[in-house]
1. How high is the relative contact order of the range 320-362, in percent, counting Cα pairs under 8 Å that sit 6 or more residues apart?
2. Can you pull out the trypsin sites (Lys or Arg not before Pro) in the range 5-41 whose DSSP state is coil and whose Cβ has at most 14 other Cβ atoms within 10 Å?
3. Amide H of L89 versus every other amide H placed in the peptide plane: which residues, excluding those fewer than 5 positions away on the same chain, fall under 5 Å?
4. Mean-square fluctuation check for the chain, GNM, Cα pairs under 10 Å: which of T44, T135, T333 is largest?
5. What part of the accessible area of the chain, given as a whole %, is carbon or sulfur when the probe is 1.4 angstrom?
6. Please give the peptides 246-258, 297-309 ranked by average Cβ packing (other Cβ atoms within 10 Å per residue), highest first, as a rough proxy for protection.
7. Give me the lysines in straight-line cross-link reach of K41: C-alpha distance below 23 Å, same-chain residues under 8 apart excluded.
8. Which one, S285, N11, F38, projects farthest toward the positive side of the charge dipole computed for the chain from Cβ point charges (K/R +1, D/E -1)?
Amino acid sequence: MRYYSTQNPTNKMSLKNALFKGLAPDKGLYMPEHIPSFDKKFITSLTERSFQEICFHIASLFLSDDIDKHNLRKIVETSINFDAPLIKLNENTHILELWHGPTLAFKDFGARFMAQLMGHFLEDTSKPLHILVATSGDTGSAIANSFLGVEGIKVSVLFPKNRVSNIQEQQFTTLGENITALEVDGSFDDCQRLVKTAFLDKKLNKALRLTSANSINIGRLIPQTFYYVYAFSQLKNTEDVVISVPSGNFGNLTAGIIAMKMGLPVKKFIASTNINKIFPTYLRSGVFTPSSSAQTISNAMDVGNPSNFERIVDLFHHSFDKVKDAIIGFYFTDDETRSAMQQMHSEFDYIVDPHGAVGYIGLINYLKKHPESKGICLGTAHPAKFLNVVEPTLKTDIKVPNRLQSFMMKQKKSVQISNVYGDFANQMFENN
Ligand SMILES: *Cc1c(COP(=O)(O)O)cnc(C)c1O
């Protein structure tokens, strides 16, 4: 299968090139040239299949031209080696826990799969592959941990100073080895701009073999379709299913739409955001107006210019009506997010992180008008990753899992840079 750029669909590339390029030269995002379809039998037999079998089946539909069965199975089994249980809260409310991976957030799915894919295609290790990643928190830890110690690959994680929680920061600033953390005096949008500029910088690209690992990379998008299908396999009644996705850069929601286009019978997607409401506003007005991002307690979703917007409109052939048919959007303030966390705690004895809470209220809002629907919201991070928000909000102690605790005991190491591109480029030349 080949992959085209959203900016120019005639501009096609191999999987390997799309994977290592990240962003297309024309600044577009890569998309598979066709969306494969599930056969009916696959959907009706879902309940008999394990999560890994489901993952392997979907991965084969996209990747079997490019990777032989044996290696593809190895890639799936190495990367998706943890569960994604669907927890029933009541008759029509469920939460899909996507945080059972090594860094306790859903980004482990995409990052680990992409790391294995890149490892598979990496042949020439004479010049190391240099991965640039901008993070508002969870991406950095997922990517850094997925690539830690991978031969022939270096990772630079750019993160905004003072805007990432301590626990999150520890997960990518303490690793050492082939991982460098760059602490940017600026916002997440600044970090993202620096990375985007680097990819277009001819001189830098001549000196270094750069690639991206942000949610724009096609290698992260494909594995995110897996758990949507798995969520279905765990539901008893699969009619009238709606899925609420707490969103920032909209990679997660894009993957959900791809799963739907493959034939997963989802009735509606709910795009739930914090006050960075660019996408919900677009759904109302038809106008997409990026802005700078505002800081919230669901900081991994503080995105003012969601990069996967291009893919979403592409999937609906640029028809605003079709986008609106498939997706409804809501946004919530921090106070509403905290109330939702408290409500889930008192009503269901369930502790949710602030991102999952945004997804949950989006779903509740929708169910008020459509009580017949079966709802799933995505729990994107373990609550212990956001102790500073969760504990005071719920007035309860959260048990920190061991794999998170071990990060807290290590020494932080980061390189401080300004938000000026020249400083960042110099640092990259030096660190090579
Ligand atoms: C990244 C992230 C999101 C947003 O996902 P997108 O794919 O960028 O929309 C939501 N919740 C958590 C915990 C995240 O880390």
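1. About 41 percent, as a whole number.
2. Sites meeting the loop and neighbour criteria: K27.
3. H94, I95
4. Greatest mean-square fluctuation among the candidates belongs to T44.
5. Taking all protein chains in place, the chain shows 48 percent carbon and sulfur surface.
6. Taking the mean over residues of other Cβ atoms within 10 Å, the ranking is 246-258, 297-309.
7. Candidates past the 8-residue exclusion: K69, K236, K261, K267, K268, K374.
8. Selected residue: N11.
The values are calculated or read from the model by the stated rules, or taken from the named source; none is laboratory data. Just so you know, these numbers come straight off a predicted model, no measurement behind them. Because the Cβ atoms are built from the backbone with ideal geometry, glycine has one as well, and the counts that use them run over all protein chains shown. The accessibility values were calculated without ligands, DNA or RNA, using every heavy atom of the protein model including side chains. Shrake-Rupley method; radii C 1.70, N 1.55, O 1.52, S 1.80 Å.
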